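Below you'll find the structure, written out as structure tokens, and then a few comments.
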Amino acid sequence: MILQNQIEKQLETLSTAEALQWLALHCKESVFSTAFGEEDQIITHMIAIHQLPIHVFTLDTGRLFNETYELLDLTQKQFKLKIEVILPDSLQVQNLVNVYGINGFYESLANRKECCRIRKIEPLKKILKPYKLWITGLRSAQSENRQNMAKVEWDENLNIIKCNPLLDWSDEDVQEYLTQYKVPTNTLHKKGFASIGCAPCTRAILPGEHARAGRWWWEGSAKECGLHPTKVTI
Ligand code: SF4
């Protein structure tokens, strides 16, 4: 089995596209999760144009923006790439909304975390189970919580190596790539939405606000749903 430090070494010396090609070749049990953010679109584009045998999936919480569903559809068609859509357990969702209310996540942090657990974390755990390596589009500039992440980490909650190949990309790097390759992005970005998650839990940001200020804006400063909670550097 490929070792974590081997992956780290490759990521240090190769370009992002080359690193993905290397992973596809040497770590067959790699999987990439997209939420259709700009960074995710870049990795999806690289996987598509290089025809890399990396499984791509997305978590459909059932509460996404219609614009995100449109981008899912467009991306699959334009990139000629299959993106597996993972849904939460319907009985758990049914129980959640009947106990806490359809928008119960606004009422307490515990309610919100329970909603994220059922709609995101449990489905993620299930899909990641057979894989050894999870590729994400995380960047350190996205939030304070992400500044201490490493390009290659051991995710002890999910029991998987997590690889963040775009970690040190700047905002300019991202925009340059999207423009150069005409990569489709969520139309909500033009309406002031920076980081886009579920519709009821995302708002547009104001000038000068941090990119993740529009996520769970009624809460404190955590701005994470629990998918990327910890940092364990190898
Ligand atoms: S982001 Fe909001 S709607 Fe989406 S799973 Fe979390 S609490 Fe539920």
Under the 7 Å Cα-to-Cβ spin-label approximation, Thr179 and Ala199 lie apart by a distance in nanometres of 3.2
If you take every DSSP beta bridge fully contained in the chain, what fraction is antiparallel? Give it as a percent rounded to 5. 35
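Find the relative contact order for the chain and round it to a whole percent, using C-alpha pairs within less than 8 Å whose residues are 6+ positions apart.
It comes to 23 percent, rounded to a whole number.
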If you average 1/r over every pair of different alpha-carbon atoms in the range 102-146 and take one over that average, what Kirkwood value in Å do you get? 12.8
Efficiency of FRET from Cβ geometry, Asp171 and Leu25, R₀ 30 Å, rounded to 0.05: 0.50
In nanometres, the difference between 0.36 nm per residue of separation and the alpha-carbon distance of Ala110 and Trp217 is 37.0 nm
Eligible lysines near Lys182 by straight Cα distance, threshold 27 Å, same-chain separation 8 or greater: Lys77, Lys80, Lys82, Lys151, Lys190, Lys191
Whole-percent pair-distance distribution, where bins are 10 Å wide, for the alpha carbons of the range 131-172: 31, 52, 15, 1
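What's the longest bit of the chain with no exposed chymotrypsin sites (Phe, Trp or Tyr not before Pro), using DSSP loop states and at most 15 other Cβ atoms within 10 Å as the test?
Maximal segment without exposed cleavage sites: 1-180.
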May I have the convex hull volume per residue, in Å³, for the Cα set of the chain? 121
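Please give the calculated 222 nm ellipticity per residue for the chain, where each DSSP H segment of at least 4 residues contributes -39500 (n - 2.57) and the sum is spread over every residue; nearest 500 deg cm²/dmol?
Values: 8 runs with 83 residues, N = 234.
It comes out at -10500 deg cm²/dmol, rounded to the nearest 500.
The numbers here are math on the coordinates, done by the rules we state, and not lab data. These figures come from a predicted structure and were not determined experimentally. Because the Cβ atoms are built from the backbone with ideal geometry, glycine has one as well, and the counts that use them run over all protein chains shown.
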